[in-house]
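Laboratory data are not the source of any read-out in this text; all were calculated from the coordinates shown. Small disclaimer: the values here were computed from a predicted structure and weren't measured. Neighbour counts run over all protein chains shown; Cβ positions are idealised from the backbone, glycine included.
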Amino acid sequence: MLKFVAGLIRPYRGRLVFILLAMLIETLTSLAAPWPLKVILDSVVGNRKLSPWLHHFFGPAAEGGSKLHFASIAAVAFVLISITGAAASYIDNYYTESVGQYVAHDLRRRMYHHLQRLSLAYYNTHQTGTILSTITTDIQTIQGFASSSTLDILVDLLTIVCMLGLMFWLNWDFTLIALAVTPFLLLFVSRFKKEVKKATREVRKEQSEIVAVVQQGLESIQVVKAFGHERAEEALLDEVSHATVSAALKARSVKALLSPVVTITVALCTAVVLWRGAALILAGSMTVGELTVYLAYLARFFKPVKDLATTTNAIAQAAVGAERVRAILDTDTVVPEKPNALEPESLAGDIEFQHVVFGYDPRVPILTDVSFRIKPGQFVGFVGPTGAGKSTIVSLIPRFYDVQGGAIRIDGINVADYRLAALRQQIGYVLQETVLFRGTILENIAFGRPSATRSEIIEAAKLANADEFICRMSNGYDTMVGERGSTLSGGQRQRIGIARVVVRNSPILILDEPTAALDSESEKLVIDALERLMKGRTVITIAHRLSTIRDADQIIVISKGVVAENGTHDQLLSRDGIYAGLYRTQFQPGAAKVEI
C-alpha cells in the first residue's frame with residue numbers, strides 16, 4: 001500500500017518538500033513555545049538567573065535588565081513563535097489540500113480510463129454500485145492518507161526524536177519514564193491493526209451495497225413505480241443500511257479503544273513526572289519553570305506518539321481503499337491492443353468468422369464452431385432461438401469481447417490486428433433501445449461523431465426523419481433531454497439514434513431489431529430512415545420479426561452454438577428446416593409457437 005501511495009504522490013514531490021519544510025518549522029516552533037513561559041516563571045516571577053544560552057537571545061537586556069523588561073521580551077518572543085508557527089501551519093494545510101486534491105484527481109482519471117478499456121466481461125460480473133463506491137469513497141480515503149498522513153508520520157517521528165533529545169537534556173531520569181512506556185504503547189496499538197483493517201473492510205463492503213441498491217433503484221424508478229415496489233426498495237435499502245451501521249459500530253468499538261488506552265497511559269506517566277518533579281522542586285534541584293517546560297515537552301512528546309497510534313485507523317482505511325482500487329486497476333480483462341496495430345481509414349465491410357469459439361465463461365461456450373462470410377455491401381440477418389448466440393456474434397465483431405478460439409477477419413485482417421478505436425469507428429449501431437445521454441439533442445446526435453458541424457447534424461436528423469419533431473420542440477436542437485431520454489417517445493429516441501449513426505457515416509452497420517418496441521406509425525418512420533441509412537453499407541441485423549429480413553442477401557440461422565442454416569429467405573423456406581419452422585410460427589395461425 002505504501003508503495004502504491006508513493007507512486008501517486010511522486011509527481012508532486014516538489015510541493016511535498018515545501019510542505020515538509022513548513023511542517024519542520026511547525027515542529028521547531030512547537031519546541032520553542034514553552035521557553036518564554038520558563039523565563040517568566042524562573043526569572044520574572046522567581047529569582048533565578050537566565051540560562052547562559054538565553055543571554056544571547058535577550059542581548060544587553062540580560063545584564064541588569066528589569067524583570068518587567070524580561071517579561072515584555074518573553075511575551076514578544078511568544079507572539080513571534082506563534083505567528084511563525086501559524087504561518088507554517090497555513091502553508092502546510094494549503095499545499096497539503098492541494099496535493100490531496102490532485103492525487104485524487106489523477107487516481108480518478110486513471111481508474112476511469114482503465115474502466116473504459118475493460119471488456120464488457122468485467123461489467124457482466126461486477127456491480128456498478130461497488131465500482132461507484134470505489135471511485136468515490138475509497139479514492140477520498142486514499143487522498144487523505146496520501147496528502148497528509150504520510151507526511152504527518154514523518155514529522156511525528158522527527159518530533160519524537162527532537163523531544164527525546166531535549167527531554168534528556170532537561171532531565172534524563174524523567175525521560176526514561178516516558179521512554180519506558182512507549183514500546184508497550186506501540187505494541188498494544190499494533191495488536192489492533194489487523195482487527196481495525198478487517199472491520200474497515202467490512203464497512204467498505206456494506207457501503208458499496210448501499211450505493212448499489214440506490215443506483216439500481218433510481219435507474220429503474222419507472223419500473224419500481226409501475227409494479228408498486230416502492231416499499232420493497234425501501235426495505236432493501238433499510239436492510240443494507242442497517243448492515244452498514246452494524247459494521248461501522250463494530251469497527252468503531254475496535255477503534256474507540258485506542259484513544260482511551262493512550263490517554264490513560266499518558267496520564268499515568270504525567271502523574272509520575274508531577275510527583276517526582278514536585279519532590280525535586282521542594283529539594284531545590286529543579287525550578288518551577290524547568291518542570292513546566294518538561295511537562296509541556298512531555299505532552300508534546302506523547303501527542304505524536306498518540307497520533308502514530310491513531311494513525312493505525314488511517315493506515316487501515318487507506319490500505320482497504322488501496323486494495324479495492326488496485327482490484328480494479330489490476331484487472332486483466334482489458335481488451336489487448338498490439339503496439340503496431342493497424343488504423344484503417346475506411347473498411348470495405350468484408351466480414352468472415354472462421355471456426356469461432358466463445359463463452360462469457362470459458363468453461364461454458366455459447367459459440368462452439370461458427371463460420372460464415374459477409375461480403376461488402378451485403379444485408380445479412382441473424383435468426384435463431386433465444387440464447388443461441390446472435391447478440392454474442394455481433395458483440396465479437398467490434399471486439400467487445402475476444403474469441404477463445406478461431407478468428408474474426410474484416411477485409412482479410414484479424415480484428416485483433418486493428419487499433420480498437422479505429423475498428424469501432426468503422427461500425428455504427430442501432431439497438432432496440434437508443435440510450436441518450438445528459439445534454440442537448442444536438443450533443444446526443446454528435447455523440448456519433450463529435451467533430452460534426454451543426455449543419456451536418458441537422459442533415460443527419462433529416463435523413464433519420466427526426467428533424468420535424470426536433471424543430472417542434474421548445475429549443476429545437478438545443479433542447480435538453482431528460483434522464484436517459486425519458487421525455488421523448490420510443491420512436492423519437494430511435495430516430496435520434498439513427499441520426500447518430502448517419503453522422504458517424506460508418507461502412508458497417510449493426511441493427512438489433514430497432515423497431516421491435518415501436519408502434520406502427522413510429523415503425524414506418526424508423527424503417528424509412530433505416531432504408532436510407534443502409535444504402536452502400538454492410539448491414540448486419542438481429543431479426544426477431546422475420547418480415548424485416550425477407551429481402552436480405554443472406555440469412556444466417558444460429559442454433560446450439562453453430563451456424564445451422566445459411567441462405568436467402570426463399571432458399572431456407574424450401575429446405576423446411578429451423579428457419580421455415582420459425583417462419584410458420586410467426587405467419588401461420590395455429591402453428592406451434594417458437595421463441596426467437
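One table, with the values for the structure above:
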quantity	calculated
Under 5 Å, built H, 5+ apart or other chain: amide partners of Asp512	Val430, Leu431, Gln432, Ile542
Approximate shape of region 380-459 as ellipsoid semi-axes (Cα gyration tensor, √5λ), whole Å, largest first	29, 18, 11
Neighbour-count order for Trp169, Trp35, fewest beta carbons within 10 angstrom listed first	Trp169, Trp35
Cut-off under 5 Å, modelled amide H: who pairs with Gly406 long-range	Val357
Ordering of 285-295, 81-91 by burial proxy (mean other Cβ atoms within 10 Å per residue, highest first)	285-295, 81-91
Volume in Å³ per residue [convex hull over Cα atoms, computed for region 274-374]	215
Volume of the Cα convex hull of region 418-518, divided per residue and given in Å³	95
Bins of 10 Å, starting at 0 and running to the largest distance - Cα pair percent for region 331-448	11, 39, 35, 14, 1
Given Lys462/Lys524; Lys205/Lys303; Lys3/Lys198, the pairs whose alpha carbons are separated by over 26 Å	Lys205/Lys303
